[in-house]
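Report on the structure given below.
The values are calculated or read from the model by the stated rules, or taken from the named source; none is laboratory data. Everything quoted here is computed from the prediction, not taken from an experiment. Glycine also receives a Cβ, built like all others from the backbone with ideal geometry; neighbour counts cover every protein chain displayed. Protein only, heavy atoms only, side chains kept; ligands, DNA and RNA dropped before computing areas. Shrake-Rupley method; radii C 1.70, N 1.55, O 1.52, S 1.80 Å.
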Amino acid sequence: MIRPQTRRLAETVSSAAGMTLFLIFAVCCLIMITVAASAYKRINDSYGTVFNSTAAVRYVSNKLHACESAELLSDKELLIKNSGFSTLIYESDGVLYERLFPEDAEIKAESGEQLFTVGDFSVKMDGELLAVSVRSENGENFRTLCRIK
C-alpha cells in the first residue's frame, strides 16, 4: 500500500515537473519569437533599401525610353526633353528628385518632387549609351545602360 506521505510527495514532484516543462516550453517560445522578429527586421530593412535603388534605376530608364531626347547637365543631373515640357531628374543629399518645366523655362535643380531615397546617383555617357547608376544606402551598385535618341 501507498502511504499518504508518499502519495503527497509524488503529487508534488509531478506538479513541479509539469510546471518545469511548461516553463521550458514558454522560454523556448519567447526565444523563437525573438529570433523570428530579428530576422524579419533584417529582411525588411534590406528589401526597402534594394527596392528604392532598383526602382530608381528602372524609373529613370523608363523615362529615357519614352523621351524624345535627353541631355546630361552634370553627373547627377539629367534633363529629359519631350514636346512641350522638360523633366529634370537630379540627386541631392541622398534623395532622387524630379521636376517638370515648361519648354522655355529656366532649368534649376530645386523644389523637385522626391522620388526615392538612394545612397548615390550618377549618369554618364558610355560610348553611345547613357549609363544610369545608383548605389544603395548599404553600398550595393545598380546600373543600366540606355540608348537615347
| said: Compute, for the stretch 1-109, the length of the dipole vector about the Cα centre, with Cβ point charges of +1 (Lys, Arg) and -1 (Asp, Glu) only. Units Debye, rounded to 20. | reply: 1360 debye
| field | Backbone HN-Hα couplings from phi across the stretch 65-75 [Karplus 6.51/-1.76/1.60, Hz, Gly and Pro as x] | value | 5, 8, 7, 8, 7, 9, 9, 8, 8, 7, 6
| query | Residues with amide H under 5 Å of V118's amide H, sequence separation 5 or more or different chain, H placed in the peptide plane at 1.01 Å from N; which? | reply | V95, L96
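Could you provide, to the nearest whole Å², the per residue accessible area of the chain with probe 1.4 Å?
68 Å²
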| task | Please list, in chain and number order, the residues 5+ apart from S92 or on another chain whose amide H is under 5 Å from its amide H, with Hs placed from the backbone. | result | Y97
| task | Report Rg (one decimal) and Dmax (nearest whole number) for the stretch 69-149, counting Cα atoms only, units Å. | result | 12.7, 39
| remark: Phi-derived 3J(HN,Hα) across the stretch 20-33 with the Karplus relation (6.51, -1.76, 1.60, θ = phi - 60°), rounded Hz, x for Gly and Pro, is 5, 4, 5, 4, 4, 4, 5, 5, 4, 4, 5, 5, 4, 5
| note | Normalised per residue, the volume inside the convex hull of the alpha-carbon atoms of the chain in Å³ amounts to 165 Å³
| said: Cut-off 10 angstrom, C-alpha nodes, Gaussian network model of the chain. Which of I89, I43, I31 fluctuates the most? | reply: I31
| Expressed as a rounded percentage, what relative contact order does the stretch 20-97 have, with Cα pairs under 8 Å and six or more residues apart? | 14 percent
| task | Rounded to the nearest 500, what is the 222 nm mean residue ellipticity of the chain from helices alone, with -39500 (n - 2.57) per DSSP H run of 4+ residues and division by all residues? | result | -16000 deg cm²/dmol
| said: Please check: in the Gaussian network model of the chain (C-alpha springs, under 10 Å), which one of G127, G94, G139 has the largest mean-square fluctuation. | reply: G127
| request: Please report, in cubic angstrom per residue, the volume enclosed by the convex hull of the alpha-carbon atoms of the stretch 37-77. | output: 56 Å³
| remark: Given backbone amide H placed at 1.01 Å from N, residues whose amide H is under 5 Å from that of E140, ignoring those fewer than 5 places away on the same chain, are none
| request: Read phi for every residue in the stretch 131-146 and hand back ³J(HN,Hα) as whole Hz from Karplus 6.51 cos²θ - 1.76 cosθ + 1.60, θ = phi - 60°, with x for Gly and Pro. | output: 8, 9, 10, 10, 9, 6, 5, 9, x, 6, 9, 10, 9, 9, 10, 10
| said: If you roll a 1.4 angstrom probe over the protein chains with everything in place, what fraction of the accessible area of the chain belongs to carbon and sulfur, to the nearest %? | reply: 57 percent
